[in-house]
Amino acid sequence: MDYVIIIISSIFVNNVVLAKFLGICPFMGVSNKVNTALGMSGAVAFVMVIATLVTFYIQRLLVSCGIDFMQTIAFILVIASLVQMVELVLKKVSPSLYQALGIFLPLITTNCTVLGVAIEVAGKATYGPAEAAVYALSNAIGYGLALTIFAGLREQLELSEVPEGMRGVPIAFITAGILAMAFMGFAGLA
Amino acid sequence: MSKLSILTKGLIKENPALILILGMCPTLGVTSSAINGLGMGLATTFVILLSNVIISVIKNLIPDNVHIPAYIVVIASLVTILQQLLKAYLPALDESLGLFIPLIVVNCIVLGRAEAFASKNGVVDSALDGLGMGLGFTLALTVLGAVREVLGSGSIFDLKFYEGDGIIGFVLAPGAFLVLGYLVAVTKKLSKKLDKKEE
């Protein structure tokens, strides 16, 4: 039952992009086409689950040494090297997956969803490793959902007539605003 | 480029948040009130200014192929210092900015300025650039926060001028996207006008 609550609340109610404002840069940057949006979401899901699990244990280590103020530095180094490692391993083990995720992997280091979710999980005292993994995975699904819907909307938007001053970024933000409004409707679920 | 134009280009012409569209997460996430926007902006200014200065000093000591990780360590250390300072002296601000303080590490403005400016220029110019960019970011966040606070809670800088509730949507997520969209459009127009004047 707890898992169901975690999943529903992090996909719909506290959506990582539309309610918590994490990972907006790739949300605006790579969401022009549905295919790239799906590729990016896949890469994020992959890295986010691994990174959250690793940082979960790093946090315990830091706390037991009494140096938990080093959290930010430790986490960002772990995530950056993890992304590199995932890239190397994927290249060797599954070239087809590497082909699909390839260009998106290096971008993830600077995607604040990964660091954000890792820090959030580190702050939740009641979470065990299983909850941490479920939380990370459902956040990643929520991220993918928002990114894909938004990419679909933007594909349509290209064809419509927009006043000159609003073209490009401004209209994209306003579309995102309306999408966020739609997601607010899920608030009753929690 | 003159020293003055290095300092002022971040305010409107190359405003990091509204023209370059960098650092969107804190821009949207913490601007539910003008005070929060101002606090976040100044916190980021602190990090950009110091990281630009430090990186322009040590740029010749860092081997080229590890320069990005080296910059990230510098930035992460500065953010940690900032976190400890805020916890000690401004715990209320620390509480309301929450997660977005550690996330300054992955704010693309900071790494962007290090890479695009501080790694190529002297200490004084880098400091001015960092200060200018930081203030431009602060300006954008404060205006965005003020508009959302006026519409959403009927107050500005916590001074209530309207009895009762505002339009709650502007304090919540959708308002952030909507107001930012219009703000970007207005700033684009302004920066075009400035360009014409210079010609």
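The numbered conditions (1) surrounded by fewer than 19 Cβ atoms within 10 Å (Cβ to Cβ); (2) within 13 Å of chain A (Cβ to nearest Cβ); (3) modelled with pLDDT under 90 are all true for B:LYS13 except (2). Restricting attention to the range B:183-195 and to residues that are free of Cβ contacts under 8 Å to residues at least 12 places away in the same chain and more than 7 Å from chain A (Cβ to nearest Cβ), the residue that is nearest to A:ILE171 (Cα to Cα) turns out to be B:VAL186. Of the residues in the range A:12-31, not one is more than 14 Å from every other protein chain (Cβ to nearest Cβ), crowded, with 18+ Cβ neighbours inside 10 Å and touching a residue at least 40 places away in the same chain (Cβ under 8 Å). Inside the range B:89-115, can you point out the residues that are more than 19 Å from B:ALA76 (Cβ to Cβ) and open to solvent by 50 Å² or more (accessible area, probe 1.4 Å)? Passing the criteria: B:TYR89, B:LEU90, B:PRO91, B:ALA92, B:GLU95, B:SER96.
Scanning the range A:77-91 for residues that are open to solvent by less than 50 Å² (accessible area, probe 1.4 Å) and either among the small types (Gly, Ala, Ser) or more than 12 Å from every other protein chain (Cβ to nearest Cβ) (or both) turns up A:ALA80, A:LEU82, A:VAL86, A:GLU87, A:LEU90. Scanning the range A:38-64 for residues that are open to solvent by less than 50 Å² (accessible area, probe 1.4 Å), more than 12 Å from the chain's Cα centre (by Cα) and not β-branched (Val, Ile, Thr) gives A:GLY39, A:PHE56, A:GLN59, A:LEU62. Residue count for the range A:140-190 satisfying the condition of being under 22 Å from B:GLY29 (Cα atoms) and in a helix (DSSP H, G or I): 32.
From the residues in the range B:156-178 that are open to solvent by less than 10 Å² (accessible area, probe 1.4 Å) and touching a residue at least 12 places away in the same chain (Cβ under 8 Å), which one is nearest to the other protein chains (Cβ to nearest Cβ)? That would be B:PHE177. Every condition in (1) within 14 Å of chain B (Cβ to nearest Cβ); (2) closer than 26 Å to A:ALA19 by Cα; (3) free of Cβ contacts under 8 Å to residues at least 24 places away in the same chain is met by A:ALA74 except one, and the failing one is (2).
Close contacts from the range A:152-166, counting a first residue that is open to solvent by 50 Å² or more (accessible area, probe 1.4 Å) and a second that is part of a loop (DSSP other than H, G, I, E, B), with Cβ to Cβ under 9 Å and a gap of 6+ residues or different chains, come to A:LEU153/A:SER31; A:GLU155/A:ASN32; A:GLU155/A:LYS33; A:GLU158/A:ASN32.
Taking B:ILE54 as the residue in question, decide whether it is assigned to a helix (DSSP H, G or I) and in contact with an Asp or Glu (Cβ under 9 Å, 6 or more places away or on another chain). No; evaluated as a whole, the condition is false for this residue.
The values are calculated or read from the model by the stated rules, or taken from the named source; none is laboratory data. Values in this document were obtained by computation on a predicted structure and should not be read as measured data. Glycine also receives a Cβ, built like all others from the backbone with ideal geometry; neighbour counts cover every protein chain displayed. All accessible areas refer to the heavy atoms of the entire protein, side chains included, with ligands and DNA or RNA removed. Shrake-Rupley method; radii C 1.70, N 1.55, O 1.52, S 1.80 Å.
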